[in-house]
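Asks: Before anything else, here's the structure in question.
Quick note: the coordinates plus some simple rules give every number you see, no bench work behind them. For clarity, every value in this text was computed on a predicted model and none was experimentally measured. Note that each Cβ is placed from the backbone with ideal geometry, even for glycine, and that neighbours are counted across all protein chains shown.
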Amino acid sequence: MKASERVSELAASVGLTDADLIGMYRVISLARTVDERMWILNRAGRIPFVISGQGHEGAQAAIAWPLKKHHDWIAPFYRSIATCLTFGMTARDILTAQYAKAIDASSGGRQMPGHYGNVANNLVSLSSPVATQMLHAVGIALAAKIRKTGQVAMTSMGEGSSNQGDFHEGLNFAGIHKLPFILVVENNGYAISVPSSMELAVEDVAVRAAGYGMPGVIVDGSNVLECYVAAKAAVDRARAGDGPTLIEAKVIRLTAHSSDDQQTKYRSAEELADLAAKDPLPRFRAQLKDAGVLTDELEASIAAELKAEVDEATDYSESAAEPDPATAMKWVFAEDWPGETPPPWGFTLRGSSGH
Ligand SMILES: Cc1ncc(C[n+]2csc(CCOP(=O)(O)OP(=O)(O)O)c2C)c(N)n1
Ligand SMILES: [Mg+2]
């Protein structure tokens, strides 16, 4: 039997192969490696702003895993680095966006840093007001249902964002119309410096799902396989026409909100010291090693490969051309540019007017 087909007890317990488990480990590690590089580049004055996914990566990779690339759709949020990498973006795509270079696959340098997305990978570009991605994803799910395409739309946001009207309107609509939709709330306990006890009158965002007629599932966001199992059930439910699911992943935020705040001003030293024990990456690594799926040799070779990939992506992004200011308004609105092929993040105009 080929190594890629091997099914350990651990993989079999969740209906995956060992290659899937290693693939998930690889993408979680890549997200961490890229993210750590972004902080170094920010502190070195090379990139202006970092908003980090560190601590969220296990939940993000595991939950995006059962969705089908180039078929289903994801409307990510600013921490969704591992989600976007799982769905087809690369280290180059993330770093060229951070540098706002002309070749940036998310927006050609037009978007705020951290607003990843591209048409080529069915990843919707994000708007900065939090939770607006909800309406985009629910709309895509409605289109999929009307067109009977069998597609599922997923979006994610933080628990603070779940207090916006868009969250409630989107869930209500998705619940009424039984849309093939999944909302992932990545609850990291903070909205910038505000703790969740001052954001929510309830402990769990998931309880709100009952008000919109759908299951609200709570998972430990540092437990990769628990997240995968919940996401697989939600995708199966959506594809079967049984309607939406809200998944609340209790995650940790390992860094400050962004490169522009100092978290020691609002998190205690004890709280920060306890985070390492809940980090999804070493937890998943230990689990794979205990199960005999990951060896020390494989771990080392993946780490070396990812470092080389991120080094290459850094050099590539550093030396890539800046956008031409004269093109700033191009591909921002749905206009035709005769004779020009849209870039990966640009519009694909359909129909005669395209508007
Ligand atoms: C409508 C709106 N209000 C405020 C902000 C500023 N803002 C950006 S991120 C953020 C915190 C969001 O917290 P949460 O939803 O828990 O996500 P997290 O950053 O913790 O992952 C805020 C208040 C915004 N972008 N949009
Ligand atoms: Mg939060």
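Asks: Quick one: work out the % antiparallel among DSSP beta bridges in the chain, nearest 5.
Replies: On the way: 3 of 24 bridges.
Beta bridges within the chain, antiparallel portion: roughly 10 percent.
Asks: Compute the distance in nm between two label points, each set 7 Å from the Cα along the Cα-to-Cβ direction, one at Glu297 and one at Asp260.
Replies: Result for the modelled spin labels: 4.9 nm.
Asks: When a/c reaches 1.5 or more, the comparison of a/b and b/c decides; with that in mind, is segment 3-321 rounded, prolate or oblate per its Cα gyration tensor?
Replies: It comes out rounded by the Cα gyration axes.
Asks: Given a Förster distance of 51 Å, report the FRET efficiency between Thr149 and Ala269 from their Cβ-Cβ distance, rounded to the nearest 0.05.
Replies: Once the sixth-power term is evaluated, E becomes 0.50.
Asks: Please state the relative contact order of segment 3-321 as a whole percent: Cα pairs under 8 Å, 6+ residues apart?
Replies: Relative contact order for segment 3-321 comes out at 21 percent.
Asks: Too long at a 28 Å Cα-Cα cut-off: which of Lys178/Lys330; Lys69/Lys101; Lys250/Lys330; Lys68/Lys250? Before the final figure, lay out the partial values.
Replies: Numbers: Lys178/Lys330 37 Å; Lys69/Lys101 25 Å; Lys250/Lys330 40 Å; Lys68/Lys250 24 Å.
Beyond 28 Å: Lys178/Lys330; Lys250/Lys330.
Asks: Within the chain, which is the longest segment containing none of the chymotrypsin sites (Phe, Trp or Tyr not before Pro) that sit in a DSSP loop and have at most 15 other Cβ atoms within 10 Å?
Replies: 50-265
Asks: Pull out the extension gain between Ser127 and Asp204, defined as 0.36 nm times the separation in residues minus the alpha carbon to alpha carbon distance; nm, one decimal.
Replies: 25.2 nm
Asks: When the label point is put 7 Å from the Cα of Arg6 along its Cα-to-beta-carbon vector, which residues of segment 282-297 have a backbone N closer than 14 Å?
Replies: 288-297
Asks: Quick one: which of 56-66, 13-23 comes out on top by average Cβ neighbours within 10 Å, and what's the full order, highest first?
Replies: The densest-packed peptide leads the list: 56-66, 13-23.
Asks: Can you compute 3J(HN,Hα) from phi for each residue in segment 77-91, using the Karplus curve 6.51 cos²θ - 1.76 cosθ + 1.60 with θ = phi - 60°, rounded to whole Hz and x for Gly and Pro?
Replies: With coefficients 6.51, -1.76 and 1.60, one gets 10, 5, 8, 7, 4, 5, 4, 5, 5, 5, 8, x, 6, 10, 4 Hz.
Asks: Non-local amide H neighbours of Val219 (under 5 Å, H modeled in plane, Pro and chain starts lacking H): which ones?
Replies: So Val219 has HN proximity to Glu248, Ala249, Lys250.
Asks: Step through the residues of segment 56-69 one at a time and calculate ³J(HN,Hα) from phi using the Karplus curve (6.51 cos²θ - 1.76 cosθ + 1.60, θ = phi - 60°), rounding each to whole Hz and writing x for Gly and Pro.
Replies: 9, 5, x, 5, 5, 5, 5, 7, 6, 4, x, 6, 8, 4
Asks: If each residue of separation counts as 0.36 nm, what is the full-extension length gain between Ala233 and Val332 once their alpha-carbon separation is subtracted?
Replies: 31.9 nm is the gain from fully extending Ala233 to Val332.
Asks: Extension gain Ala240-Ala276, at 0.36 nm per residue separation less the Cα-Cα distance, in nm?
Replies: Value of the extension gain: 9.1 nm.
Asks: Let me ask something additional. Applying 1/(1 + (r/R0)^6) with R0 = 51 Å to the Cβ-Cβ distance of Ala286 and Asn172, what FRET efficiency is obtained, to the nearest 0.05?
Replies: In this case the efficiency is close to 0.80.
Asks: At R0 = 35 Å, how high is the FRET efficiency between Glu305 and Ser193 if r is their beta carbon distance? Nearest 0.05 is fine. Intermediate values should be presented prior to the final figure.
Replies: Values: r = 37 Å, r/R0 = 1.06.
With R0 = 35 Å, the Cβ-Cβ based efficiency is 0.40.
Asks: Then there's this: Would you mind classifying segment 1-104 by shape? Square roots of the alpha carbon gyration tensor eigenvalues, ordered a ≥ b ≥ c; an a/c under 1.5 is rounded, otherwise it is prolate if a/b is larger than b/c and oblate if not.
Replies: In terms of gyration-tensor shape, prolate.
Asks: Another question, if that's okay. At 222 nm, what value in deg cm²/dmol follows for the chain if DSSP H runs of at least 4 each add -39500 (n - 2.57) and the sum is divided by all its residues, to the nearest 500?
Replies: -12500 deg cm²/dmol
Asks: Here's a follow-up. Compute the orientation-averaged projected area for segment 205-351 from the convex hull of its Cα atoms and round it to one decimal in nm².
Replies: On the way: hull surface 65.0 nm².
The Cα convex hull of segment 205-351, projected and averaged over all directions, gives 16.3 nm².
Asks: Now for a separate question. Does segment 186-231 come out rounded, prolate or oblate, given a ≥ b ≥ c as the square roots of the eigenvalues of its C-alpha gyration tensor, rounded meaning a/c under 1.5 and, failing that, prolate meaning a/b above b/c?
Replies: Verdict is oblate for segment 186-231.
Asks: OK, next. Just to check, using Stokes-Einstein with a Kirkwood Rh over alpha carbon pairs, what's the diffusion coefficient of segment 66-146 at 20 °C and 1.002 mPa s in µm²/s?
Replies: Numbers: Rh = 12.8 Å.
Once the numbers are plugged in, D ends up at 168 µm²/s.
Asks: Segment 145-167 to segment 1-56: how many Å between their Cα centroids?
Replies: When both Cα centres are located, 24 Å separates them.
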